[in-house]
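Step one of this worksheet: look at the structure below.
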Amino acid sequence: MSGKFFEDVNADLDEIARRLASPDAAERRVAVLDLVEAAEPGSERLLIAALSDPDANVRREAAKGLDQFDGLATAQALAAALLDTDGSVADTAAQSLAELKSQEAAPPLLALIDHERAEVRLSAWRGLRNLRVEASLAPGLKALFDEDPRVRREAVGVLAYLKSDATLPALIAAARDENFEVRRAAISALAFGPPEKITATILAGLSDANWQVREAAALLAGKIKAAGATTGLIAALSDDAWQVSGKAALALGKLQVTEAVAALGKLLAHPVSNLRKDVVTGLGDIGHVDALPFLEQAAEDPDPDVRKIARWSIQRILSANGGNDDRDFWSKRGQDRK
């Protein structure tokens, strides 16, 4: 780029800097918005300075604008803004911190994980999640015992991103936390673990009092193909929450559990079409010819997506069992492919 371009940019930033010194708070706020729109490297320094403005509206816009920057200077400024006397400024700073990606932004956040205010600890852990720094491992394990369940949940998220074998026992223990959101997060975080070490946790999760925890357990079973959870997954097909039944159906499909075909077929009468879609997907993934009568039934489902998946699943099963396509299958039944 030409020197003239940089001269123009610097001139624009100088003009905005002058407006940031205006005695009128409204003008200063507009200047901050112009800085955000400019999105120039020099804007970062001015936005950081605006975090010290006497007007909370100006500080909030500055905190919001810093979400487009990264690195140590931005992290330090936003971390300090977590202590702002205005709650909206602190909340906005927390949201911007969660957008950080550079690992050099970690130290200011790590300095706040033991802060006396739970909201500050929570925001610090939320900001650390995407950074994936090894230095957060030991403090993260300690934070699993924080008095605030929100902090425990965010610490689980940080540990999940690290995917360290050293965290496995602690995450398994967190799956028994008194707070259901912590339990759900912990079960989801175990996706990196070997099935033989976490199947017992999956089975316990499938029997949890909270349906969202049960759903997470069924999802995890399918994701890691936990064959030892088969019995619990079949039982989960009868869960009161259709979301749990749906995830169990998908998991049984990934595990290709032929014993589940009949139980899955019964769910095709369920009123929720999203569950029926999961069921026909599971039947198709199981791929056994015993699923064909149920899929034939589903091919006439009132929901077009269910019909489409059912017919595709039929074709997959026929092809896997020596058939070239499904035309003969439908012609023998006097139907046209739809």
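The values are calculated or read from the model by the stated rules, or taken from the named source; none is laboratory data. Note that the coordinates shown come from a computational prediction; the quantities given were computed from them, not determined experimentally. When we count neighbours, we look across all protein chains shown, and the Cβ atoms used for this are built from the backbone with ideal geometry, even at glycine. We work out accessible area using only protein heavy atoms, side chains counted, and drop any ligands, DNA or RNA first. Shrake-Rupley method; radii C 1.70, N 1.55, O 1.52, S 1.80 Å.
Couplings for the stretch 55-63, taken from phi via the Karplus curve 6.51 cos²θ - 1.76 cosθ + 1.60 with θ = phi - 60°, read 9, 5, 5, 5, 4, 5, 5, 5, 4 Hz in order; Gly and Pro are left as x. Taking Cα centre as origin and charging only the Cβ of basic (Lys, Arg, +1) and acidic (Asp, Glu, -1) residues, the dipole magnitude of the stretch 142-181 rounds to 160 debye. Work out the charge dipole of the chain with +1 on the Cβ of Lys and Arg and -1 on the Cβ of Asp and Glu about the Cα centre, then indicate which of L72, V244, I309 is farthest towards its positive end. My answer, from the dipole projection, is I309.
Summing Cβ point charges (Lys, Arg +1; Asp, Glu -1) relative to the Cα centre of the stretch 1-117 gives a dipole of roughly 120 debye. Seen from every direction in turn and averaged, the convex hull around the alpha carbons of the chain projects onto 23.7 nm². Computing Rg and the Kirkwood Rh from the Cα coordinates of the stretch 194-273 gives a ratio, Rg/Rh, of 0.94.
Helical runs (DSSP H, four residues minimum) scored at -39500 (n - 2.57) apiece and divided by the length of the chain put the mean residue ellipticity at 222 nm at -19500 deg cm²/dmol.
Toward the positive end of the charge dipole of the stretch 74-160, with +1 on the Cβ of Lys and Arg and -1 on the Cβ of Asp and Glu, the farthest Cα among Q95, G157, L128 is that of G157. Heavy atoms of the protein chains alone define the surface here; on that basis the stretch 58-186 has 43 Å² accessible area per residue at 1.4 Å probe size. About the centre of its Cα atoms, the chain shows a dipole size close to 1520 debye [charges on the beta carbon of Lys, Arg (+1) and Asp, Glu (-1) only; nearest 20 debye].
Annotation: extensible slack from E259 through A191 equals 22.0 nm (criterion: 0.36 nm per residue apart, minus Cα-Cα distance). Listed cross-link partners K223/K247; K163/K225; K277/K308; K223/K266 are compared with a 21 Å cut-off, the Cα-Cα value being larger for K223/K266.
Give me the percent relative contact order of the chain, please, defined on Cα pairs under 8 angstrom at least 6 residues apart. Don't jump to the answer; show the numbers that get you there.
Details: 521 pairs, mean separation 22.9, N = 338.
Result for the chain is 7 percent.
Sorting 90-96, 142-148, 122-128 by average packing, meaning the other beta carbons within 10 Å per residue, from highest down gives 122-128, 90-96, 142-148. Taking only protein heavy atoms and a 1.4 Å probe, the accessible area of the chain is 51% carbon and sulfur.
Given a 1.4 Å probe and the protein chains as shown, K247 ends up with an accessible area of around 50 Å². Each of R117 and K266 was given a label point 7 Å from its Cα along the Cα-to-Cβ line. The distance between the two points is 5.4 nm. Working from Cα pairs under 8 Å separated by at least six residues, relative contact order for the stretch 265-320 is 37 percent. In straight-distance terms, cross-link reach from K101 covers every one of the aspartates and glutamates whose alpha-carbon lies under 13 Å from its own, apart from those fewer than eight places away in the same chain; here that gives D67, D70.
Pop out the Kirkwood hydrodynamic radius of the stretch 146-218 from its pairwise C-alpha distances, inverse of mean 1/r, in Å to one decimal. Taking the inverse mean of 1/r over all distinct Cα pairs, the stretch 146-218 comes out at 11.8 Å.
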